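Below: the structure, in structure tokens.
What follows draws every value from the coordinates through simple rules; no lab data is involved. In this text, all values refer to a predicted model and were calculated from it rather than measured experimentally. Note: ideal-geometry Cβ built from the backbone for every residue, glycine included; neighbour counts use all protein chains shown.
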Amino acid sequence: MNKIRIMVAGTANPHVPAYLRGAGRRVDTMEVVAVSDFDAVRLEQARGFPGGRPGVRFYSDYREMFEAHPEADAVMIGSDNIDHFEMFKAAVSRKLHIYMMKVISMDEDECREMIAIGRNYDRVIQCELELHFNPQFAYARKLFRSGALGKLKSVYLTNISQSPCNYFPNWGDPVLSYGRRVPLRPGSETCRGGAITDHPHPFDLIRWITGREFRTVSAVSARNQRAHLAVEDHAAITGELDDGVKYFINPSYSNLEEKVPTRRLLWPKSLECNLKLTGTKGYFSCDFFDRHVYIVGNRYVSPDRLIVDGTPRLPGDPADSLIGSFVAAIAGERKRPETTLEDSYAAIRVMNAAYESIRLEREITLEATR
């Protein structure tokens, strides 16, 4: 097949630089032709992302970029969450294949409209929920569905991190992140758009691994650990899945951070994504960020401390990645991309239910989707 020519609309999502450098794809299947960003600082940083490949053009407005590149086949929408819906509609109007970065939108009306559009759209739409391709979680899904763990009793899943708001300031802006200012509870100065919005993986992975839907959601969040943040930096969420299985989710910015201008894997752990499945026949546990390294010497940004690195990537077929599956779906080698608008919306419904539970200080029961 010919190379897929892709534009990048916004680099606010921290995963965009990795994609621009070639992560998760082969250079013979996809070519970046243009990058845009409303933010001048991010746009200037993006000039170094494509790894020196010639021919990439840069724009301050995605609409100008779209006009200038009618030859493009696809677009990666990686701007601030508030921009995703309008960018999506503009991409549809140009018949582009669409790669949506998470989250697609925290506005559920926008989510439903995108899904309705997508049902009759003859191009590929894929959403970034990349942990489907992590070997630990893929194995957990296979193990559980084989029956080896027996009847599932409970699920524990954390996706915790340091606060990214000092090096990704837009993540600390409730309008850019959540789409509008919504107080976490009546009279609160803290708004939605922080840790829960930032960490959709637990809400997606539980559905993907178990094949079950969320039935009840009960969430709590006390006063921020970081008083200067405008968005919530922690939450704890419990409830039941549709067959009575108990779950616990922690999506908090609960790890320590040091004030640095760029992202680092700092002490004690920059990120954690821990899964525990308890069944009647067995128990399974894994951590995505599980390789520990001790750094010695005061020249390091976080000296003489234990840090953690990501699990080594296993060699595999290029299709075993989100971009690989996106390309395969465009080429007709897959019937559907790995992660869809519906998958993203299912997670967002639970995330918004958690916010409502915090606001109302009560358990929320989710209605089944039709």
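As a test, work out the antiparallel percent of DSSP beta bridges whose residues both lie in the stretch 60-212, rounded to the nearest 5.
Of those bridges, close to 10 percent are antiparallel.
Under 22 Å Cα-Cα from residue 89, which lysines qualify once same-chain neighbours fewer than 8 residues away are excluded?
Qualifying lysines at Cα under 22 Å: 102.
Check which residues have an amide H placed less than 5 Å from residue 216's amide H, if you skip close sequence neighbours.
Residues meeting the amide H criterion: 240, 366.
Taking amide H atoms as placed 1.01 Å from N in the peptide plane, list the residues 5 or more away in sequence, or in a different chain, whose amide H sits under 5 Å from that of residue 57.
34, 35
To make sure I understand the rule: partners must be aspartates and glutamates, Cα under 18 Å from the Cα of residue 281, and not fewer than 8 residues away in the same chain. Which ones qualify?
By straight Cα distance, residue 281 reaches 243.
Taking amide H atoms as placed 1.01 Å from N in the peptide plane, list the residues 5 or more away in sequence, or in a different chain, whose amide H sits under 5 Å from that of residue 12.
Correct list: 79, 80.
Could you derive backbone 3J(HN,Hα) for the stretch 238-245 from the dihedral phi with the Karplus parameters 6.51, -1.76 and 1.60 (θ = phi - 60°), listing whole Hz in sequence and x where the residue is Gly or Pro?
10, x, 10, 7, 5, 10, x, 5
Mind listing which GluC sites (Glu not before Pro) in the stretch 145-234 are in a DSSP loop and have 10 or fewer other Cβ atoms within 10 Å?
Those that pass, being in a loop and sparsely packed, are 189.
Would you work out which of 114, 155, 143 lies farthest towards the positive end of the dipole of the stretch 103-155, given +1 charges on the beta-carbon of Lys and Arg and -1 on that of Asp and Glu, about the Cα centre?
143
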